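Report on the structure given below.
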Amino acid sequence: MPGPLASLKVLDFSTLLPGPFASLLLADMGAEVLRIESPTRLDLLRVLPPHDQGVSASHAYLNRNKRSLALDLKQPEALEVIRSLLRDHDIVLEQFRPGVMERLGLGYEALKAINPKLIYVSITGYGQTGPYKDRAGHDINYLALAGLASYTGRADSGPLPLGMQVADVAGGSLHGVIGLLAAVIARQQTGQGQHLDVSMTDCAFSLNAMAGAGYLACGAEPGPEDQMLNGGSFYDYYRSRDGRWMSVGSLEPAFMLQLCTALGRPELAAQGLSPQPAQQQALKNELRVEFEKHDFAQLCELFAGVDACVEPVLRLGEAVRHPQVRARDLVKQVPRGDGSSQAQMACPLKFSGGLPEPRHMGAGLGEHTDQVLGELGFSAQRIEALRRAKVIV
């Protein structure tokens, strides 16, 4: 089964999380992804713990189904290899700061001259333009500057450091894939490629969605715990007697009535309809009392048969074993290459035509160098000469 993106061949110059997560989605959907890795500047994801049999679990997952070519881009001979690859690899994904690829002779204009159909995707923190384009940053900084962190947290303790990288993944990775595939469709119509400038801060800014729309149109500045969905209403988390948590999203009246009835307090349901902050806080206090009368297991059992938008806050290990996750086949066994396999999160997209099974975990540094160069027509002698010159490993 080739997958819906089997016609795409991607050169992936990215490291760490945003670019690799984007190219993972492409590879899972059948694209041929070749990682161009530095033999002298290690991708830190390769050493990120925890490790499984000496291999970073994160690297093994984020780089599955991709081949690895170890190439020193600072060496003049490396350009010859890239030019050869561009004959049939017409998508480039890179994640360097603005100007780095140009200094290496690998900027969009230089590569476009070799292949006019090239789609060139640049994922950066702040984009290719603007006063912050050369500034360093991480996910927490992009969320802060985009305004998201200002109303995500508790009024008395401030913003929360989130457990997953929203700007990196929802911003850079997912928007990068959306833009890339849109450029592929445009190329099918025009025959021309283009350069896609993906800023993780830009994309995080767009995730303000409802709060941003309200501010721009009406001047309504959101703050922590003052919106319906950020803790300003009963829509929140509630602690059980034994210190676990339940999520309550019973916004609609029918769901609210089922919630309160299940807790033995049906008279509270009418308070859920009040827009008054004082009424919402009073309701939250009542719900806290009711939830803390029960242990977590009792609450799970209580709400298992109640369609009230109330669900337990599961630990990751519990989520993996949840019947819904199992029914959706969200964990796959991925071959290691030695006959064994590693459990990994599956591609979440479900196509009626199916997807190819995972082929292999993230490859070793330069694992496919000789294979790739051989496919390009490089002789064994030429490959060995490049290795002696430390252009490849």
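Before moving on, here are some points about what is shown:
- Gaussian network model of the chain, springs between alpha carbon atoms under 10 Å - residue of 153, 374, 179 with greatest fluctuation: 374
- Cβ-derived FRET efficiency at R0 25 Å, residue 329 paired with residue 6, nearest 0.05: 0.75
- Gain upon complete extension [residue 314, residue 110; 0.36 nm per residue less C-alpha separation]: 68.5 nm
- For the chain, built as a Gaussian network whose Cα springs stay under 10 Å, the top-fluctuating residue of 92, 184, 325: 325
- Candidate lysines for bridging to residue 112, where Cα separation is under 26 Å - those fewer than 8 sequence places away on the same chain excluded: 9, 66, 74, 133
- Taking trypsin sites (Lys or Arg not before Pro) across the range 221-291, the ones in a DSSP loop with at most 14 further Cβ atoms lying within 10 angstrom of their Cβ are 241.
- Between residue 292 and residue 384, the modelled label-to-label distance comes to 7.5 nm, taking each label 7 Å out from Cα in the direction of the beta carbon.
- Cross-link partners of residue 284 among lysines, defined as those whose alpha carbon lies under 20 angstrom from its own and excluding same-chain residues fewer than eight positions apart: 293.
- Computed on the range 222-300, with alpha-carbon pairs under 8 angstrom and 6+ residues apart, the relative contact order is 34 percent.
- Rounded to the nearest 20 debye, the dipole magnitude of the range 236-323 is 220 debye, with +1 charges on Lys and Arg beta carbons, -1 on Asp and Glu beta carbons, and the Cα centre as origin.
- Kyte-Doolittle mean at least 0.5 and Cα axial length at least 18 Å: DSSP H helices in the chain: 174-190
- Cross-link partners for residue 332 among the aspartates and glutamates, with Cα-Cα distance under 18 Å and sequence neighbours closer than 8 places in the same chain left out: 28, 52, 318, 357.
- Each of residue 357 and residue 44 was given a label point 7 Å from its Cα along the Cα-to-Cβ line. The distance between the two points is 3.7 nm.
- Virtual spin-label span in nm between residue 77 and residue 53, 7 Å along Cα→Cβ: 3.3 nm
- The amide H of residue 10, built 1.01 Å from its N in the peptide plane, has 32, 33, 34 as neighbours under 5 Å, considering only residues 5 or more places off or on other chains.
- Helical runs assigned H by DSSP (4 residues or longer) give the chain a calculated mean residue ellipticity at 222 nm of -10000 deg cm²/dmol, each run adding -39500 (n - 2.57) before division by the residue total.
- Considering only beta bridges that DSSP places wholly inside the chain, some 45 percent are antiparallel.
- Residues listed by number, the range 191-211, amide nitrogen under 13 Å from residue 133 label point at 7 Å toward C-beta: 197-199
Each reported figure results from applying straightforward, stated rules to the coordinates on display, with no laboratory input. Model, not experiment: these values are computed from the prediction. Neighbour counts are summed over all protein chains in view; Cβ atoms, including those assigned to glycine, are modelled from backbone coordinates with ideal geometry.
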